[in-house]
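> First the structure, then my questions, so here it is.
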Amino acid sequence: MSDVRAAVAQAIEEIRRTFEACGVEVHPDGSGGAVVVVRDIPLGSPFVQDKVWIGFHITYQYPYADVYPHFTNGDLARAGGGGLGSGFGGATFRDDPAIQISRRSNRLNPATDTAALKLLKVVKWMKEQA
């Protein structure tokens with residue numbers, strides 16, 4: 001993966017290992033970073049979708065820059081109806097309708113806060129939105 005900085009390539013490999021049952025797409029951004037889409041992430045309750053995709057941009061400043069924001073299916077919906085609530089908003093991702101998930105890391109520690117860990121936290125947070 002010579003199109004991305006070494007730290008970004010390492011982050012992508014960690015994402016592949018952490019989400020090995022999911023498909024991981026990588027699109028180098030031309031600046032040493034990459035746009036990543038992880039497909040078939042198990043979700044379920046409290047949402048209608050059993051599986052979702054989540055996409056995000058790992059910039060060339062990684063690990064010193066937060067991996068933020070994350071995006072998911074534009075048709076994300078709660079089981080039983082109702083709005084998505086705070087932390088979610090309408091957006092586009094790679095020219096497609098998407099829902100933006102706003103979960104900024106206010107105390108980023110570049111030594112421990114990896115892109116894979118951030119994605120795990122985002123998925124956990126989504127599942128806790130009862």
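The values are calculated or read from the model by the stated rules, or taken from the named source; none is laboratory data. If you're wondering where the values come from, they're calculated on a predicted model, not measured in any experiment. Positions of Cβ are generated from backbone atoms using ideal geometry, with glycine treated the same way; all protein chains shown enter the neighbour counts. The area values use the complete protein model at the heavy-atom level, side chains included, leaving out ligands, DNA and RNA. Shrake-Rupley method; radii C 1.70, N 1.55, O 1.52, S 1.80 Å.
> Looking only at region 28-63, filter to residues that are assigned to a loop (DSSP other than H, G, I, E, B) and of a type in the set (D, E, K, R); which one of those is most open to solvent (accessible area, probe 1.4 Å)?
Asp50
> Could you list, in sequence order, the residues of region 114-130 that are within 10 Å of the chain's Cα centre (by Cα) and buried (at least 18 other Cβ atoms within 10 Å of the Cβ)?
Those that are within 10 Å of the chain's Cα centre (by Cα) and buried (at least 18 other Cβ atoms within 10 Å of the Cβ): Ala115, Ala116, Lys118, Leu119, Val122, Val123.
> Output the residues belonging to region 114-130 that are out of contact with any Gly (no Cβ under 8 Å at 6 or more places or on another chain) and at pLDDT 95 or above.
Residues satisfying the conditions are Thr114, Ala115, Ala116, Leu117, Lys118, Leu119, Leu120, Lys121, Val122, Val123, Lys124, Met126.
> When region 14-27 is examined, which residues are found to be open to solvent by less than 80 Å² (accessible area, probe 1.4 Å) and under 13 Å from Val37 (Cα atoms)?
Matches in region 14-27: Ile15, Phe19, Cys22, Gly23, Val24, Glu25, Val26, His27.
> Please go through region 64-113 and pick out each residue that is open to solvent by less than 30 Å² (accessible area, probe 1.4 Å), of a type outside the set (A, V, I, L, M), part of a loop (DSSP other than H, G, I, E, B) and in contact with a helix residue (DSSP H, G or I) (Cβ under 6 Å, 6 or more places away or on another chain).
Residues satisfying the conditions do not exist here.
Residue-wise test of (1) more than 23 Å from Arg5 (Cβ to Cβ); (2) in contact (Cβ under 8 Å) with a residue 60 or more places away in the chain; (3) of a type in the set (Ser, Thr, Tyr).
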{"residue": "Thr18", "(1), (2), (3)": "no, yes, yes"}
{"residue": "Arg78", "(1), (2), (3)": "yes, no, no"}
{"residue": "Phe93", "(1), (2), (3)": "no, no, no"}
{"residue": "Leu120", "(1), (2), (3)": "no, yes, no"}
